[in-house]
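The values are calculated or read from the model by the stated rules, or taken from the named source; none is laboratory data. Bear in mind the structure is a predicted one, so any value in this text is a computation, not a measurement. Here Cβ is always computed from backbone atoms with ideal geometry, including for glycine, and neighbour counts include all displayed protein chains. Ligands, DNA and RNA are excluded from the accessible area calculation, which covers all protein heavy atoms including side chains. Shrake-Rupley method; radii C 1.70, N 1.55, O 1.52, S 1.80 Å.
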Amino acid sequence: VKQPVEQPGEPGSHGPEVPLAERQDQVFLGTHVATGTGAATVRATGRATEMGRIAELLAGATRTETPLQLQLARLSRTLLLLCLGVVAAVAALGLWQGRPVMEVLMASVSLAVAAVPEGLPAVVTIALAVGVQRMAARNVLVRRLHAVETLGAVSLICTDKTGTLTTGVMSVRELHGADERALIYAAAACCDATLDAGGGPVGTGDPTELAILAAAAEQGILRAEIERLAPRIDVQPFDPVLKRMAILRADGAGGPSAPATLYIKGAADHLLPLCQAGPGGAAAMSAALAEMSGRGLRVLGVASRAQPVDAPIAVEGLTFLGLIGMADPPRPEAIAAIAAARSGGIRTVMITGDHPITAYAIARELGILAPGESPAGLVYARATPEDKINIVRAARTPSAGNAGQIVAMTGDGANDAPAIREAHVGIAMGQAGTEVSREAAAIILTDDNFASIIEGIREGRTIYANIQKTLIYLLSGNAAELMIMFAASLAGLPLPLLPLHLLWINLLTDGLPALALVMDPPDRDVLQRPPRPPEAPLLGARQWRTVLMTGALEAAVVLGVFLLAEGAGLAVARNLAFSTLVFSELFRSFAARSPDRTFFSVGAFTNRSLLGVVGVSVLFQVLLQQSAWLCGMFRIAPLSPWQLAITVLAGLIPVTTLELSKFLPKSAG
């Protein structure tokens with residue numbers, strides 16, 4: 001559009017104080033022309049264009065480590081210090097007791113082996129990989145592995161409106177007139193667009209006209225039939241100042257003096273004053289216009305008049321036919337997804353360039369705004385790319401009394417890309433999204449469905465819960481091993497377990513069940529739980545109590561078996577202690593699936609991998625007892641069948657105790 005001469009304060013002004021969406025006399029790099037022709041003056045190039053400013057914002061956006069990465073780093077430092085402290089204490093104790101240096105060294109090495117959860121890196125990687133596979137089945141494509149878990153920590157979803165929460169396609173939502181069929185016919189007769197044969201508001205031309213033609217087609221009114229039965233005679237293209245367009249059509253084949261009908265559509269508030277009357281009177285139509293606009297609908301007025309074919313178009317003596325309310329409708333699945341997010345303690349914030357009235361109406365329809373709820377902090381209208389990135393940055397930044405939010409940002413346009421990159425989890429639309437937004441994102445929705453984000457959050461929370469329960473399982477076993485070795489050293493007893501025993505336990509009978517635990521399916525109430533606080537550690541006070549109490553229970557059972565069997569010889573006693581700990585660890589994996597629900601309540605067959613792993617590991621431990629060569633390598637004596645049965649029964653004590661404890665009342669925290 002050729003740039004008009006501006007007057008200060010006019011709507012055509014394009015100064016920085018005018019919102020980007022209201023600069024009606026400008027076109028921008030990347031704009032597609034839907035209809036019409038015109039000339040434009042180049043005002044800016046390169047970085048000075050709006051697209052260039054977006055590129056600069058994108059380059060300035062930052063990525064930080066994910067919550068899981070930070071928590072694992074803190075936990076690793078804690079475990080390292082604990083390991084060094086215990087090893088140093090045992091070494092000092094052994095030397096003070098006058099033990100041989102080699103024996104002290106052996107005990108220290110054994111403790112170091114026992115203290116380190118060797119399977120943890122593999123567990124985390126496999127958990128994330130399994131999450132990627134599950135999310136791909138739900139149309140969520142993960143581009144950065146750790147985004148899988150971070151999505152489960154999200155407490156705030158910032159989202160663009162058009163194409164994300166809505167269909168991105170205008171449609172007729174409401175007709176208001178005495179004769180709705182005559183109303184939609186007149187509107188269709190005043191259109192230049194052309195629908196595709198596939199149906200729906202898809203074709204060539206202005207999106208508003210495509211929506212009108214689609215609504216007319218649903219009532220059997222086809223544009224091709226209008227052109228055949230009422231040929232076009234004259235047209236006044238849409239005038240952005242007058243905010244209307246008009247088409248004169250002949251009534252039949254006609255002649256110079258034959259009758260014709262002038263059809264006009266345009267902004268209802270501009271068109272209504274030009275009409276003689278409307279259905280129910282001008283006052284009633286004005287009230288309907290105000291009510292429809294208040295609900296966020298884009299309202300068009302339609303009018304007509306009869307005139308001779310050879311008469312020029314004259315906008316006078318018009319009959320107002322009614323109002324057409326249009327909107328980009330919300331995605332039905334988005335409404336349910338936003339409700340599910342709210343029930344899980346996740347706030348959804350809509351950021352759009354639309355007019356505030358439209359934005360608030362759509363937010364209420366989607367459920368982002370509850371009845372009577374203020375839009376402050378939940379709906380941002382007339383937002384620019386800078387606004388979007390600043391909103392995300394402010395939400396994620398800790399402040400006094402606020403640890404900051406874990407923020408997901410989703411959108412489909414190039415103007416969303418900087419905020420997508422700035423968020424903890426950037427999400428782009430795979431179908432309607434631009435290449436720029438997809439490159440900036442960590443996650444891509446292949447079906448452009450907002451509801452897929454909620455499914456991704458379900459998987460993310462499941463991954464975190466599985467990593468947490470697996471870590472508790474591993475550390476409980478390591479704690480038991482540490483307590484066994486430390487207590488034996490403190491009491492001056494021979495070492496109940498040798499380094500090779502601990503390696504066997506950690507790599508086979510701990511590692512394999514741990515890998516199966518991270519594949520646990522989601523709990524049925526995982527989305528009803530509030531998001532975890534960003535500052536919360538991976539293991540809180542309750543989890544550490546579980547680790548220490550479980551470790552103490554296992555250590556007590558194993559030491560008890562070792563002391564009772566000491567009279568049968570050190571090789572037999574070590575084998576009894578070794579096998580008891582192996583079976584105890586394997587059986588305890590069933591109790592580790594949930595801190596509150598029993599194995600049978602969770603579902604005995606919902607994780608068949610765990611059943612298979614435990615079965616195979618038990619078989620390996622039994623076969624080890626039958627091989628004299630392996631027993632010699634492990635420096636143990638083979639067990640008789642009844643001795644092996646004792647180790648199995650003793651190994652059942654910890655898991656039985658843990659399962660029964662789940663029926664006891666739980667204290668807070």
### Query
What nm value, rounded to one decimal, do you get for the distance between Glu386 and Asp310 when each label is placed 7 Å out toward the C-beta?
6.0
### Summary
With R₀ set to 56 angstrom, the calculated FRET efficiency between the beta-carbons of Thr125 and Ala44, to the nearest 0.05, is 0.75
### Summary
The distance between the Cα centres of segment 209-273 and segment 72-108, in whole Å, is 89
### Query
Under a 1.4 Å probe, what is the accessible area of segment 114-246 per residue, stated in Å²?
43
### Query
What does the accessible area of His146 come to, in Å² to the nearest 10, when a probe of 1.4 Å is used?
50
### Task
Label segment 560-669 by shape, choosing from rounded, prolate and oblate, from the square roots a ≥ b ≥ c of the eigenvalues of the Cα gyration tensor; if a/c is under 1.5 it is rounded, and otherwise prolate applies when a/b is larger than b/c, oblate when it is not.
oblate
### Message
Report the gain in length on full extension from Arg232 to Val616: 0.36 nm times residue separation, minus Cα-Cα distance, nm rounded to one decimal.
### Response
130.1 nm
### Message
I'd like the orientation of helix 50-60 relative to the chain: the angle between its Cα long axis and the longest Cα principal axis, in ° from 0 to 90, rounded to 10.
### Response
10
### Query
Which value, in debye to the nearest 20, gives the size of the charge dipole of the chain about its Cα centre, when Lys and Arg are +1 and Asp and Glu are -1 at the Cβ?
2120
### Message
I'd like the carbon and sulfur percentage of the solvent accessible area for the chain, probe radius 1.4 Å, heavy atoms only, ligands and nucleic acids excluded.
### Response
64
#### Entry: Solvent-accessible heavy-atom area per residue, rounded to whole Å², over segment 516-623 at 1.4 Å
42
### Query
Quick one: ranking Lys243, Lys265 by accessible area, 1.4 Å probe, largest first, what do you get?
Lys243, Lys265
### Task
Quote the relative contact order of segment 213-265 in percent (integer), defining contacts as alpha-carbon pairs under 8 Å separated by 6+ residues.
27
### Query
Contour minus end-to-end for Val241 and Ser399, with contour as 0.36 nm per residue of separation and end-to-end as the Cα-Cα distance?
52.1 nm
### Message
Once you keep just the Cα pairs under 8 angstrom separated by 6 or more residues, what percentage relative contact order results for segment 104-245?
### Response
13
### Query
Roughly how many whole Å is it from the C-alpha centroid of segment 586-619 to that of segment 387-445?
39
### Net charge of neighbours whose Cβ lies under 10 Å from the Cβ of Gly430, counting Lys and Arg as +1 and Asp and Glu as -1
-2
### Message
Considering only C-alpha atoms, what is the centroid distance from segment 347-362 to segment 279-302, in Å?
### Response
21
### Message
Sorting check: for 583-591, 525-533, which peptide has the highest mean count of neighbouring beta carbons within 10 Å, and how do the rest follow?
### Response
583-591, 525-533
### Message
With a 1.4 Å probe and all protein chains kept in place, how much accessible area does His424 have, in Å² rounded to the nearest 10?
### Response
50
### Task
Report, in degrees rounded to the nearest 10, the 0 to 90 angle that the Cα long axis of helix 180-189 makes with the longest principal axis of the chain.
80
#### Entry: Farthest toward positive dipole pole in the chain [+1 Lys/Arg, -1 Asp/Glu at C-beta], among Gly615, Ala260, Met292
Gly615
#### Entry: Top positive-direction residue, dipole computed over the chain with Cβ charges, set Val436, Pro121, Ala361
Pro121
### Message
Can you give me the angle between helix 356-366 and the longest principal axis of the chain, using Cα atoms only, in degrees from 0 to 90, rounded to the nearest 10?
### Response
50
### Task
Quick one: net charge around Ser601, please, counting Lys, Arg +1 and Asp, Glu -1 for every other residue with C-beta under 13 Å from its C-beta.
0
### CD proxy at 222 nm, helix term only [per DSSP H run n ≥ 4: -39500 (n - 2.57); per residue of the chain; nearest 500]
-15500 deg cm²/dmol
### Query
When the C-alpha atoms of segment 169-284 are aligned to their principal axes, what extent does each axis show, in angstrom, from largest down?
40, 39, 29
#### Entry: Sorted peptide list for 154-163, 636-645, criterion being average Cβ within 10 angstrom, highest first
154-163, 636-645
### Mean accessible surface per residue for segment 307-360, computed with a 1.4 Å probe while every protein chain stays in place, in Å²
36
### Query
With all protein chains present and a 1.4 Å probe, how do Ser489, Ser286 order by accessible area, largest first?
Ser286, Ser489
### Overall Cα dimensions of segment 463-538 - principal axes, largest extent first, Å
51, 26, 17
### Peptides 75-87, 302-314 ordered by average Cβ neighbours within 10 Å, highest first
302-314, 75-87
